[in-house]
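Below you'll find the structure, written out as structure tokens, and then a few comments.
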Amino acid sequence: MHQGFRLREATAEGADILADVHTRARTAYYTAGGMTEEQLADPSAWGQRRAAWARVLATSSRTTLVAEDANGTVVGLLTAGPPHHEDLDASTSYELYQIGVLPHAWGRGVGGALHREFVTLAAAAGCAEGVLECWTSNTRAQGFYARNGWRPDGARRPGPLDHDYVRLRLKLVPHSS
């Protein structure tokens, strides 16, 4: 158990929980970046996120983990796997699709533990680098990733409120046998 929480693999029955954590975490960073609650309140969006998580959990090429507090409540999530960018090679790059932590658990080491697990997963896949996308207005995440060694690679794509998503890369230290 890490500092009052534990990591475990997400189960197929966890789509509702993952959709809830995802919704609450993204609401926190999008509103901090200037998006209004009303813009995020589309009632069909939660159902779409729930369906997307069900698909993720049914995909064997992705790894999805959750962080549970001492009471067994999910406070964070991680999903990772082969890169979905056409210019990246799955034999050398491993993608961090998402780390999401509930705001009340920020600063408690949940994100750091999930990040360390990502690095372990990427190394186990034999990859030399990690890759992810981050919304430029999510300054909290930008700082977190920078502190953990991630650097922009120049790739961008349009995001909400005319703020792009930037692609970041992390050079992984090869493990000696």
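The values are calculated or read from the model by the stated rules, or taken from the named source; none is laboratory data. All values reported here derive from a predicted model rather than from experimental measurement. Methodologically, a virtual Cβ is constructed for each residue, glycine included, from the backbone with ideal geometry; neighbour enumeration extends over all protein chains shown. In case anyone asks, the SASA skips ligands and DNA or RNA and just uses the protein heavy atoms, side chains included. Shrake-Rupley method; radii C 1.70, N 1.55, O 1.52, S 1.80 Å.
What to note about this one:
- Of everything listed in (1) surrounded by 13 or more Cβ atoms within 10 Å (Cβ to Cβ); (2) at pLDDT below 95, the single unmet condition for residue 176 is (1).
- Within segment 100-149, if we keep just the residues that are in contact with a Pro (Cβ under 9 Å, 6 or more places away or on another chain) and surrounded by fewer than 19 Cβ atoms within 10 Å (Cβ to Cβ), the residue that is farthest from residue 67 (Cα to Cα) turns out to be 128.
- Qualifying residue in segment 44-56 (condition: among the aromatic types (Phe, Trp, Tyr), at pLDDT 80 or above and either open to solvent by less than 60 Å² (accessible area, probe 1.4 Å) or within 27 Å of residue 160 (Cβ to Cβ) (or both)): yes
- From the list 104, 115, the lone residue that is within 23 Å of residue 21 (Cα to Cα), modelled with pLDDT of 90 or more and over 15 Å from the mean Cα position of the chain (by Cα) is 104.
- If only residues of segment 7-33 that are among the charged types (D, E, K, R) and not in a helix (DSSP H, G or I) are counted, the one that is most open to solvent (accessible area, probe 1.4 Å) is 9.
- Residue that is farthest from residue 83 (Cα to Cα) [pool: residues in segment 121-168 that are within 14 Å of the chain's Cα centre (by Cα) and among the basic types (Lys, Arg)]: 140
- Filter result for residue 92 (farther than 19 Å from residue 137 by Cα, in contact with a Ser or Thr (Cβ under 8 Å, 6 or more places away or on another chain) and among the polar types (S, T, N, Q)): no
- Pairing each residue of segment 18-43 that is over 15 Å from residue 101 (Cβ atoms) and of a type in the set (Ser, Thr, Tyr) with any residue that is at pLDDT 70 or above and in a helix (DSSP H, G or I), provided the two are 6+ apart or on different chains, yields C-beta distances under 8 Å for 31/37.
- Single residue of segment 70-100 satisfying the filter (part of a strand (DSSP E or B) and of a type in the set (Ser, Thr, Tyr)) that is farthest from residue 19 (Cα to Cα): 93
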